[in-house]
Amino acid sequence: MRREEAAFPTLNTEEIATARECGKTEICDAGQCLFEPGQRPVDSFVVVRGAVDIIDTSDEEERLLVTHGPGAILSDITSLAGRPAALTCRTAQRAEVIRLTIEETRVLMVRSASLSEKWFAAILRRHELLEISGFKGLRVFGHHSDPATLRLREFLYRNGVPYSWIDIGKTANGPALAALGDQPLRWPAIVWRQKVKLQNPTLADLAARLGLQRRIPEETFDTVIVGSGPAGLGAAVYAASEGLRTVVLDPLGPGGQAGASSRIENFAGFPGGLSGRELGLRMYVQALKFGATFSAPVQVAELRCRDDGLHEVIAEDGAIVRTKTIIISTGVSYRSLEVKGLPELRGSGVFHSATQVEATLCRNSPVHVIGGGNSAGQAAMYLSKFSDHVCLVVRGGDLNKSMSSYLAERVRANPRVRILLHCELRAIEGTNALEKVHLENTSTGETSIHESGGIFIFIGAKPCTGFLGERIRKDGRGFILTGAEALATGAWPLAKRLPCALETTCPGVFAAGDCRSGTTKRVAFAVGDGALAVTCVHDFLGTYA
Ligand SMILES: Cc1cc2nc3c(=O)[nH]c(=O)nc-3n(C[C@H](O)[C@H](O)[C@H](O)COP(=O)(O)OP(=O)(O)OC[C@H]3O[C@@H](n4cnc5c(N)ncnc54)[C@H](O)[C@@H]3O)c2cc1C
């Protein structure tokens, strides 16, 4: 890996001394293994003397990624998240190291702000470097038009698990495929080195088998956060940093809709913008630092608001998490279009997200983005890096009506993006994957057929609140009512106090972000709403200082 200061900082004598106070000092012989792939939990280390190698053993031949010397930090997202190691760490020569468990690492972060700054900058930058280093890691074998393969890849990407994808539809990947042997396999297959570990797994199988899903401790939490988009992640950072026992549940992993945003330019403090994935990973790591527990994939199917002051969160698989309060931050999902051929090709060229995972599937093919809002504009800009023929299909006649002016201008100036106003998708065609789209110009009634490698749909969003029972009241469009609006429904059960600003019609259950009625559908708003929800939790529990 490329050496650079942010990724490979050197701790000073004072910082090493603080680390020594928090962890345990060990003398290791040359060649001693500190951790290896699959091992869990993975401790973090500070090298005091000698040298330690980080080695990629995911291929037949070992590959040395980096050698750490005195003052180096050995830690990554894996160790903080309690997930199994993906790399091998071995001493290159006799070495003195400080070993730190997750809890000891957290204590160290609180004790030394300068060390904490170096530590987290290193973790995030190294993660980026590893992704572009050619590290093979876990291998997903699957076809580019297979929705199950796409789902597994999205899950690994969201959760920051380094992996590589082998498209079994490509002749160039024949030798890699042949190396798996002749037994018939059910695709997608998960492979480590040349061994097939899982065939056509569900997300739950994959997470359980690879140790990605954290077991939720059987305790009563202060708060359970349902959904880990910006609102849930914002809430997790504030709740955990303020000492609340916090668990965060999500069917896919951290990021939410923002994870599908290639560049967020209106988040205060980032004038150059940052990708939604980067923002999501940063907030995830920050919440882990403060001790929040994350578990994915967990789809919440029901909330039970009990009258004894406790609540239960029921997952789709029947697991129950007990808690004093709940923050619902389940956001919205994009509506689909009811056009001929679309249900059959969802995930096989029809997408509701435009991340690197989907964009690489359509590389060099013409693509069609449906919608006229900011999310559609961003998707068009991002996809134009992969395809020189991006059509933005807009129902209305004026892009500025639904898109921020800076973005509309940028889209108009992009020679790779063609804007089709007064235009609607009518049908799609394809045998195993999308091949053609039928468009209608609604001002002339003219229809046309175009080749397409991908349709990206970003039209009207609907709240993910269907799992909530009648006790939590919603507005006519399904968004959760809180505060004064919740009170106005007449369903607020307490006479002795009013609901707080983010409290639903069930005392102790709060809503934040896009799923809440009347909110501004923006990342910064969602993060702020998550933080406000934590203030409400403190008020409810009587824990605010
Ligand atoms: C492509 C795109 C680009 C965008 N660009 C910008 C931008 O530049 N600037 C900006 O300010 N905003 C932008 N937005 C909007 C912004 O991303 C949203 O306003 C923000 O993500 C809302 O955050 P949230 O946490 O409320 O909800 P979401 O981000 O929708 O997150 C909700 C989370 O809840 C989870 N969930 C849903 N149901 C359940 C369940 N039953 N159990 C458990 N978990 C569940 C979901 O998996 C998801 O992870 C963009 C959106 C998109 C799609």
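The values are calculated or read from the model by the stated rules, or taken from the named source; none is laboratory data. Since this is a predicted model, take the numbers as computed values, not measurements. Note that we place each Cβ from the backbone using ideal geometry, even for glycine, and neighbour counts take in every protein chain shown.
PRO217 falls short on exactly one of the conditions (1) assigned to a loop (DSSP other than H, G, I, E, B); (2) within 13 Å of the ligand (Cβ to nearest atom), and that condition is (2).
Do we have VAL42 as assigned to a loop (DSSP other than H, G, I, E, B), among the aliphatic types (A, V, I, L, M) and in contact with a strand residue (DSSP E or B) (Cβ under 6 Å, 6 or more places away or on another chain) here? Considered against the rule, which asks whether it is assigned to a loop (DSSP other than H, G, I, E, B), among the aliphatic types (A, V, I, L, M) and in contact with a strand residue (DSSP E or B) (Cβ under 6 Å, 6 or more places away or on another chain), VAL42 comes out as yes.
The residue list ALA533, ALA491 contains one member that is among the hydrophobic types (A, V, I, L, M, F, W, C) and under 24 Å from GLY276 (Cβ atoms), which is ALA533. For SER228, state whether it is near the ligand (Cβ under 9 Å from one of its atoms), in contact with a strand residue (DSSP E or B) (Cβ under 9 Å, 6 or more places away or on another chain) and not assigned by TED's automatic domain parsing to the domain that holds ARG151. For SER228, the condition - near the ligand (Cβ under 9 Å from one of its atoms), in contact with a strand residue (DSSP E or B) (Cβ under 9 Å, 6 or more places away or on another chain) and not assigned by TED's automatic domain parsing to the domain that holds ARG151 - is met. The numbered conditions (1) farther than 19 Å from VAL332 by Cβ; (2) of a type in the set (Asp, Glu); (3) in contact (Cβ under 8 Å) with a residue 60 or more places away in the chain are all true for ASP529 except (1).
Report yes if some residue within region 231-246 is assigned to a loop (DSSP other than H, G, I, E, B), in the same structural domain as THR519 (by TED's automatic domain parsing) and farther than 30 Å from GLY542 by Cβ; otherwise report no. No, region 231-246 has no match at all.
Consider region 108-118 and keep the residues that are part of a helix (DSSP H, G or I) and either free of Cβ contacts under 8 Å to residues at least 60 places away in the same chain or touching an Asp or Glu at 6+ places or on another chain (Cβ under 7 Å) (or both). The one that is surrounded by the most Cβ atoms within 10 Å (Cβ to Cβ) is LEU115. If you take the residues in region 244-273 that are without any contact (Cβ under 8 Å) to a residue 12 or more places away in the chain and at positive phi, which one is farthest from the chain's Cα centre (by Cα)? Out of the qualifying residues, it is GLY269. Can you name every residue in region 252-302 that is in contact with a helix residue (DSSP H, G or I) (Cβ under 6 Å, 6 or more places away or on another chain), under 13 Å from ALA236 (Cα atoms) and of a type in the set (Ser, Thr, Tyr)? Matches in region 252-302: none.
Can you spot a residue in region 259-279 that is under 18 Å from ALA533 (Cβ atoms) and either within 8 Å of the ligand (Cβ to nearest atom) or of a type outside the set (S, T, N, Q) (or both)? No, region 259-279 contains no residue that is under 18 Å from ALA533 (Cβ atoms) and either within 8 Å of the ligand (Cβ to nearest atom) or of a type outside the set (S, T, N, Q) (or both). The single condition among (1) surrounded by 15 or more Cβ atoms within 10 Å (Cβ to Cβ); (2) farther than 17 Å from GLY371 by Cα; (3) touching a His at 6+ places or on another chain (Cβ under 9 Å) that SER448 does not satisfy is (1). Residues that are closer than 24 Å to ARG335 by Cβ and either touching a Lys or Arg at 6+ places or on another chain (Cβ under 6 Å) or surrounded by 15 or more Cβ atoms within 10 Å (Cβ to Cβ) (or both) within region 476-503 comprise GLY478, PHE479, ILE480, LEU481, THR482, GLU485, listed in sequence order. Quick check: is even one residue across region 465-488 at pLDDT 95 or above, near the ligand (Cβ under 9 Å from one of its atoms), among the hydroxyl-bearing types (Ser, Thr, Tyr) and in contact with a helix residue (DSSP H, G or I) (Cβ under 6 Å, 6 or more places away or on another chain)? Looking for residues that are at pLDDT 95 or above, near the ligand (Cβ under 9 Å from one of its atoms), among the hydroxyl-bearing types (Ser, Thr, Tyr) and in contact with a helix residue (DSSP H, G or I) (Cβ under 6 Å, 6 or more places away or on another chain), one finds at least one in region 465-488, hence yes.
Just one of the listed residues (ALA189, ALA204, ALA235) is buried (at least 21 other Cβ atoms within 10 Å of the Cβ) and within 16 Å of the ligand (Cβ to nearest atom), namely ALA235. Among the residues of region 256-276, which ones are closer than 15 Å to ALA354 by Cα and touching a Phe, Trp or Tyr at 6+ places or on another chain (Cβ under 8 Å)? Scanning region 256-276 gives SER262, ARG263, ILE264.
Of the numbered criteria (1) within 13 Å of the ligand (Cβ to nearest atom); (2) outside any loop (DSSP other than H, G, I, E, B), the one HIS450 fails is (1). The combined condition, being crowded, with 19+ Cβ neighbours inside 10 Å, in contact (Cβ under 8 Å) with a residue 24 or more places away in the chain and over 29 Å from the mean Cα position of the chain (by Cα), is not fulfilled by VAL393.
Residue-level analysis places ALA301 outside the set of residues that are over 30 Å from VAL110 (Cβ atoms), within 14 Å of the ligand (Cβ to nearest atom) and at pLDDT below 90.
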